[in-house]
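Computed from the coordinates by the stated procedures, all read-outs in this text should not be read as laboratory data. Predicted, not measured: the structure shown is a model, and the values here were computed from it. Every residue, glycine as well, gets a Cβ built from its backbone with ideal geometry; the counts of neighbours run over all protein chains shown.
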Amino acid sequence: MLASSVMDYHLYSLRMRASRKGKHVSGAERIVTGGQILPTSNNLIARAFNLSGNVPTEVHFIAEQIDPEHISYMALPNVTTWNVSSWQQGRSAAAKLLEHSGIGQSVISQAFKLLTNGPSPSGGVMRGAVLLDAITGQRLETDLSRGIRVSRMDLAPEYSERIKAQLSHFGLAHHRTLEALILAGKVVGAPGLLAELCWSDDPEYQVGYVSDGKNGYQRISMLKPVGDPMGGRVFFVNRAANSRIDTLVSYLENQVVLFNQLGTVHPPKNWIS
Ligand code: PML
């Protein structure tokens with residue numbers, strides 16, 4: 001039993017990451033309070049050990065108390081779902097959406113290549129994201145095999161059940177969707193960040209998205225073939241708007257962000273082209 005002061009008042013950031021022989025296999029995190037601290041910790045550790053065929057050799061777990069004065073509250077981005085008939089059509093839709101966000105074609109192709117082949121220098125997936133200069137295509141992470149790990153964000157505990165119920169009403173209850181929407185919500189609020197491209201490294205999960213500050217979280221029903229274990233995230237940075245990459249990375253990794261409102265969720269549309 002936790003002491004009642006911990007149970008009732010304190011927010012904790014709970015973070016798990018699992019690796020196998022030095023390679024990242026899974027990671028997840030939550031920000032919770034009260035009676036949710038122990039069940040959520042159990043749930044995160046269970047996730048590390050529940051990966052079929054990918055038994056971790058190391059699991060790291062940390063619980064860190066959050067200072068309420070350092071929390072930023074935000075609304076989640078608007079959500080649009082584009083249905084496509086093939087992953088190839090999905091990639092061409094993603095390229096168009098990224099062009100609308102102001103990214104040039106050669107940088108878009110480079111981002112596709114990185115996620116298709118594995119952005120880590122060893123050719124595998126990374127837990128962290130690639131940070132790309134949106135003009136030159138230069139990679140800006142200091143450690144190319146680690147990438148940028150967006151951290152310390154969640155639904156505000158007092159709004160969590162309501163937002164999850166609303167998402168479920170729109171058929172968006174999958175934990176991957178919720179976690180990606182929360183992460184994308186933090187990323188679009190970053191200074192100088194133009195857009196994000198993401199598809200999952202789960203071989204069975206084909207949905208991906210393009211997200212930016214203006215058009216929100218645009219899901220694309222297929223961005224890769226079934227069975228493909230490659231995926232990840234690319235963040236496109238406008239260095240004219242923020243030349244301080246250290247400030248940007250510190251916001252993404254350390255700033256605590258809690259979401260207290262869902263944006264507008266548009267009905268799914270078919271991508272025509
Ligand atoms: C969705 O909107 O359903 C989520 C898409 C990206 C999932 C990324 C991941 O879980 O690795």
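Brief remarks on what is shown
- Residue order for Ser151, Ser243, fewest other beta carbons within 10 angstrom first, comes to Ser243, Ser151.
- Dipole magnitude for region 110-173: computed about the Cα centre from +1 point charges on Lys and Arg Cβ and -1 point charges on Asp and Glu Cβ, it is near 140 debye.
- A simple charge model with +1 on the Cβ of Lys and Arg, -1 on the Cβ of Asp and Glu and nothing else charged puts the dipole of the chain at about 660 debye relative to its Cα centre.
- Segment Asp246-Ser122, extension gain: residue separation times 0.36 nm, minus the distance between their alpha carbons: 42.2 nm
- Its DSSP H runs of at least 4 residues, each contributing -39,500 (n - 2.57), put the calculated 222 nm mean residue ellipticity of the chain at -9500 deg cm²/dmol, to the nearest 500.
- Rounded to the nearest Hz, the phi-derived 3J(HN,Hα) couplings of region 166-180 under the Karplus curve 6.51 cos²θ - 1.76 cosθ + 1.60 (θ = phi - 60°) are 5, 5, 5, 4, 8, x, 10, 8, 4, 4, 5, 5, 4, 5, 5, where x marks glycine and proline.
- Averaged over residues, the count of other Cβ atoms within 10 Å places the peptides 155-165, 54-64, 175-185, 16-26 in the sequence 175-185, 16-26, 155-165, 54-64, highest first.
- Lysine pairs meeting the criterion (Cα under 28 Å, 8 or more apart or interchain), as found in the chain: 24
- Cα-Cα separations in region 166-265 greater than 15 Å, expressed as whole percent: 64
- A rounded overall shape is assigned to the chain, the ratio a/c of its alpha-carbon gyration tensor axes (a ≥ b ≥ c) being less than 1.5.
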